[in-house]
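The values are calculated or read from the model by the stated rules, or taken from the named source; none is laboratory data. Keep in mind it's a predicted model, so treat the numbers as computed, not measured. Note that each Cβ is placed from the backbone with ideal geometry, even for glycine, and that neighbours are counted across all protein chains shown.
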Amino acid sequence: PLGKDHQHQFQMLEASSYHMPLPSDSERMRQFLPRNPFPTPHYYPQN
Amino acid sequence: MVGDQFGMVGLLTFIRVAETDPNLVTLALGFDLTALGLNLNATDSLYPSFGGPWGEGPVRAEDIEYQVPQEYNISDQLRHGQEFVSSIREKLSPLKIPRYKDELLFYLFYTYAGDVLQVLSAAELYNRDWRYHKEEKIWITRAPGINAVEKGTNFERGTYYFFDPISWRKVAKEFYLEYDKLEDRPVVPPSYIHN
Amino acid sequence: YDDPQGLVEKSEILLREWVRLYATQGSPKDSSKAFSSFIHELNSSGILKNDDVITRFFRICVQCCINQVYQGLQAGPMNLIRSKCYQSVDALVRLVALLIRHIGDSPTPKVNLMNKFLGIVAGILIQEHELQKTDFQQLPFHRMFMMLFYDLNTQDQVFETISMQILTGFSNTLHILNPIKVPGFAYAWLEIIGNRLFIARMLALASEQKCWAMYCQLILDLFRFLFPFLRNAELAKPVATLYRGTLRVLLVILHDFPDFLCDYCYHFLDAIPPNCIQMRNLVLSAFPRNMRLPDPFTANLKFEMLADTAMPPRILSNVGAMIQPASFKKDLDSYLKARGPVTFLSELRTNLQVTNEPGTRYNIPLINALVLYVGSQHIQVIRSRNQTPNMSTIAHTSHMDIFQNLAVDLDTEGRYLFLNALANQLRFPSSHTHYFSLVILYLFAHSNTEDVQEQITRVLLERLVVNRPHPWGLLVTFIELIKNPTYKFWQHEFVHCAPEVEKLFESVARSCM
C-alpha cells in the first residue's frame, strides 16, 4: 500500500496535472517584427 | 509448477489480463514506443529538435535557436563606433496594414505596446469604423443593421460590438456612448504614411 | 523578511520600468541597449549597494512575478496570464543574466550571483508549494528556470567561461527541487530536464561527459518518485502522463546518448521497479554508439566469435562498496577465495532479506550488486588462469556455489529477483553478457527442481513478450535455450501449461528461428 507521503505526492501531482506546462512555456517569445519604439497615447495599453 | 505470481502461471495471468485490463499491465507490456512521436530510425540526433516530454512531435523550426550572423537580426541594431547602425530591417518588405484582417490589427495593437505598430493598427481600425473608447480602453463599433435607440447631440445609446481582448472576440453590448470619450483619428507619423 | 522601509515599493517600480524597457527596447536576443540605461537607475536606487539589498531585490521581483500569476488566475483565462507572466519573467530573467554577465571580471561573483538567484527562486518555490498546496502554479517557476537557462547558455564568451558552474548550479537546484520534494512541480521539472537545450548542454556539449553524473542523478530522482506508483501498477492518469513523458525523454537519450545509458545502467536498474519491464528493457537495450551489434538471429551465433566479448562493459559505480554491511562483504570475499565457511551459504538468504523498503521483503539493490560483484570476480579469476568462461570453467567454483545456492535456497519471490538480477546483465556483447548468459543456461541445465527452470523461463519470457526494445543478450540467450537440445526445453511441463503459453512459445520460437 502507498504510504501517507505518497498520497500527498499523488494529490499534488494530480492537482498540477490540471495545468500542465505548454510547449510555449519552454520557448522564448518570438518577435516577428522589428521594434519601433513610439510615444503612444497614455490611454492605450502600455504593456 | 510454481503456484504463485513468480512462475509461468503469473505470466499467464498477466497475458490474460493484458486482453481484459491493458491498463493494469501497461507498465510491463509497455507501449509501442515508435508511436510516441519520435522518429527512432532517424540517422541524426533527436535532441536538437526534441519537443519535450509531452510534445507531439519535433519543435517548429522557428523555435530552434540558431546562431545567425548579427547582420541578419532584424530586431538588434549593429553597433559601429558609438552610433547604432540599423541592420537589414530597411530591406524587409514594408507592412501592408490596410490588407490585414481586423483580428491581426487587434493583435498588433495589444502586443506592440509603446511601438509605432500600435498607432498604425489603431489608425487602420479607425478607417474601418472602429472607435477607441479612452475611458473603457476598448475598441467599439456599430452592430450592423442595428440603429441607436436614443440619440442626443453628444451621446447615443444602443447595441454595439466591443472587441474583448480577453476572450479575443467581438461581444455585442448595450451601451450609453458619449462621443467625447471616443478617440479622434489616430495621428500616424509622416514617415509611416506610405505604409 | 523585515525589508527596509520602501524597498518593496521601490523594487516593484523598478521591475515595472525594466519590463517596459525590455519589451520596447530589447529583443529576445539582446537587451544591452535597455540595460545600459537601466543599470544607472538601479545603481542610483541603491539596489546594487551590497549583497543583502540585491538579494532582497531579487526576492521581491520573483515574488512579484509569482503573485502576478495567482492574481491573474482570479481574473482572466490562462492564456492571458501566460503571456503576462512570460513578459515579466523573461524581463526579470534577462536583467539577472545581464547582472551576472557584468558583475565583476572574475568568475566567482558571477557564479555566486547566479546561485543566489537560483536559490531564491527555489526557496520561494518550496514555500509556495507548501502554502498554495493543490493551488500551486508551476508556470512562473518553470519559465524562470528555463529562460535563465537559455540566457546563460547563449554563445557568449563570458558565460562560456563559467559554463560548468552554470550547469552545476542548475543541476543542484533541480536536484533540490526533485519531484519527491515538490511533486506539484514534477511536470515542469521534467520539461526542464527533458528540454532540448538542457539535454544538449548536459549530455552533448559538456566536455568529457563531465555532466553525465549530474544528469544521472536527476533521472534517478525521477525514477525514485515514480517507483512506488509504478510498483503498485497505480497508473492513474497523472502518473501515466509523467511515465509517458519519462519514456519519451529516455527514448531520446537511448537514440542520441546510448553510452550514457550503458554507463549508468546499474544505477537505473536499482531504481526501476521489477514490473516495469519495458522501461527496464529500454535501458538494457542501449549499446555503445561505436559498436556494431551482430544480428541476434544469426544461425550458430557464438559469443566466442565476437571480439567485443573479450571486453567488460564500463562500470562507473564501485560495485564492491554497494555490498553492505561490511561484515557481509568480508564473509563474501573470504568464501569466494576459500570456498568456505559453508555457513556463509546458509546465511546468504537472511542477508538479502534485510530491507526497509515497504512492499518487498528483499533488498533488490543488494541482490543486483551481489550478482554483479560475484560475476565480475569470477570472470577475473577465469581470465587469470588464461581461460575463457564456458560451461566447464564456470562450474564447481565458489562463485557458482553462490549462484546455485541462491537458485535453490531462495523462495519463489527471492529467486525471481535473483534471476532478474542475472537477466539484467544480458545486454550488448561483452564479457559480462557472455558470462551471465552461461550462468543462466548452466543453472537451467543443472537445477535439481523444475521450479528453477520454470522461473528462469518466466524471467526471460516476460522480457520478450513485451513491446520492443529487447536487449541483444536476452535474445541470444533465449534462442540458445530453446534451440540447443542439451536443455531439453520443449520437454518441460510448464512449456505446455496452457494454450496461450504454448502459442506464445511457438511464436517467440518462430521469430527467433
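Hey, does region B:172-193 have a residue that's surrounded by fewer than 14 Cβ atoms within 10 Å (Cβ to Cβ), within 17 Å of the chain's Cα centre (by Cα) and part of a loop (DSSP other than H, G, I, E, B)?
No: region B:172-193 contains no residue that is surrounded by fewer than 14 Cβ atoms within 10 Å (Cβ to Cβ), within 17 Å of the chain's Cα centre (by Cα) and part of a loop (DSSP other than H, G, I, E, B).
Given the options C:Leu80, C:Leu73, name the one that is without any contact (Cβ under 8 Å) to a residue 12 or more places away in the chain, aliphatic (A, V, I, L, M) and over 17 Å from C:Phe145 (Cα atoms).
On the way: C:Leu73 fails: without any contact (Cβ under 8 Å) to a residue 12 or more places away in the chain.
Answer to the check: C:Leu80.
Exactly one condition in (1) more than 8 Å from chain C (Cβ to nearest Cβ); (2) touching a residue at least 12 places away in the same chain (Cβ under 8 Å); (3) touching an Asp or Glu at 6+ places or on another chain (Cβ under 8 Å) is not met by B:Glu56; state its number.
With (1) more than 8 Å from chain C (Cβ to nearest Cβ); (2) touching a residue at least 12 places away in the same chain (Cβ under 8 Å); (3) touching an Asp or Glu at 6+ places or on another chain (Cβ under 8 Å) applied to B:Glu56, the lone miss is (3).
As an exercise: evaluate C:Asp30 against (1) charged (D, E, K, R); (2) part of a loop (DSSP other than H, G, I, E, B); (3) surrounded by fewer than 16 Cβ atoms within 10 Å (Cβ to Cβ) and give the number of the one condition it does not meet.
(3)
If I go through region C:40-58 residue by residue, how many of them are assigned to a helix (DSSP H, G or I), within 42 Å of the chain's Cα centre (by Cα) and either within 25 Å of C:Thr154 (Cα to Cα) or of a type in the set (A, V, I, L, M, F, W, C) (or both)?
Total satisfying the criteria: 5.
Can you pull out the helices (runs of 4 or more DSSP H) entirely within region C:68-176 that have at least 1 residues that are in contact with a helix residue (DSSP H, G or I) (Cβ under 8 Å, 6 or more places away or on another chain), basic (Lys, Arg) and under 23 Å from A:Pro21 (Cα atoms)?
Fully inside region C:68-176 and qualifying: C:78-102, C:139-152.
When C:Arg59 is evaluated against the numbered criteria (1) of a type in the set (Lys, Arg); (2) within 21 Å of C:Met147 (Cα to Cα); (3) surrounded by fewer than 17 Cβ atoms within 10 Å (Cβ to Cβ), which criterion, by number, is the only one it fails?
(3)
Evaluate region C:337-350: report whether one residue or more is exposed (fewer than 11 other Cβ atoms within 10 Å of the Cβ), in contact (Cβ under 8 Å) with a residue 60 or more places away in the chain and part of a helix (DSSP H, G or I).
Within region C:337-350, one or more residues are exposed (fewer than 11 other Cβ atoms within 10 Å of the Cβ), in contact (Cβ under 8 Å) with a residue 60 or more places away in the chain and part of a helix (DSSP H, G or I).
Is it fair to say C:Arg248 is of a type in the set (D, E, K, R), facing chain B (nearest Cβ under 8 Å) and either outside any loop (DSSP other than H, G, I, E, B) or under 11 Å from the mean Cα position of the chain (by Cα) (or both)?
Yes: the conditions hold for C:Arg248.
Name the residue, out of C:Leu139, C:Leu125, that is within 11 Å of chain A (Cβ to nearest Cβ) and of a type in the set (A, V, I, L, M, F, W, C).
C:Leu139
Of all the helices (runs of 4 or more DSSP H) wholly in region C:408-465, which have at least 3 residues that are facing chain B (nearest Cβ under 10 Å) and either closer than 24 Å to C:Thr298 by Cα or basic (Lys, Arg) (or both)?
Those helices (runs of 4 or more DSSP H) span C:450-464.
Which numbered condition trips up C:Asn178, out of (1) modelled with pLDDT under 95; (2) on the phi < 0 side of the Ramachandran plot?
(1)
Scan region C:169-212 residue by residue and report those that are among the acidic types (Asp, Glu) and under 16 Å from the mean Cα position of the chain (by Cα).
Once the filter is applied, which keeps residues that are among the acidic types (Asp, Glu) and under 16 Å from the mean Cα position of the chain (by Cα), region C:169-212 yields only C:Glu191.
Tell me which residues, restricted to region C:385-420, are polar (S, T, N, Q) and farther than 13 Å from C:Arg349 by Cα.
C:Asn386, C:Gln387, C:Thr388, C:Asn390, C:Ser392, C:Thr393, C:Thr397, C:Ser398, C:Asn420
Would you check if there is a residue in region C:5-27 being in a loop (DSSP other than H, G, I, E, B), in contact (Cβ under 8 Å) with a residue 40 or more places away in the chain and closer than 18 Å to C:Ala97 by Cβ? It would help to see each step written out before you state the result.
Residues of region C:5-27 in a loop (DSSP other than H, G, I, E, B): C:5-6, C:26-27.
After this cut, where a residue has to be in contact (Cβ under 8 Å) with a residue 40 or more places away in the chain as well, the list is C:26.
Subset that is closer than 18 Å to C:Ala97 by Cβ: C:26.
Among the residues of region C:5-27, at least one is in a loop (DSSP other than H, G, I, E, B), in contact (Cβ under 8 Å) with a residue 40 or more places away in the chain and closer than 18 Å to C:Ala97 by Cβ, which makes the answer yes.
Given the criteria among the hydroxyl-bearing types (Ser, Thr, Tyr) and crowded, with 18+ Cβ neighbours inside 10 Å, does C:Ser171 qualify?
Numbers: among the hydroxyl-bearing types (Ser, Thr, Tyr): yes; crowded, with 18+ Cβ neighbours inside 10 Å: yes.
Yes; evaluated as a whole, the condition is true for this residue.
Considering only region B:135-165, how many residues are in a loop (DSSP other than H, G, I, E, B) and either among the hydroxyl-bearing types (Ser, Thr, Tyr) or surrounded by 16 or more Cβ atoms within 10 Å (Cβ to Cβ) (or both)?
Final tally of qualifying residues: 2.
How about region C:216-238: which of its residues are within 12 Å of chain B (Cβ to nearest Cβ) and modelled with pLDDT of 95 or more? I'd like the intermediate steps shown before the answer.
Start the filter on region C:216-238 by keeping residues that are within 12 Å of chain B (Cβ to nearest Cβ), which leaves C:222, C:226-227, C:229-237.
Residues satisfying the conditions are C:Leu222, C:Leu226.
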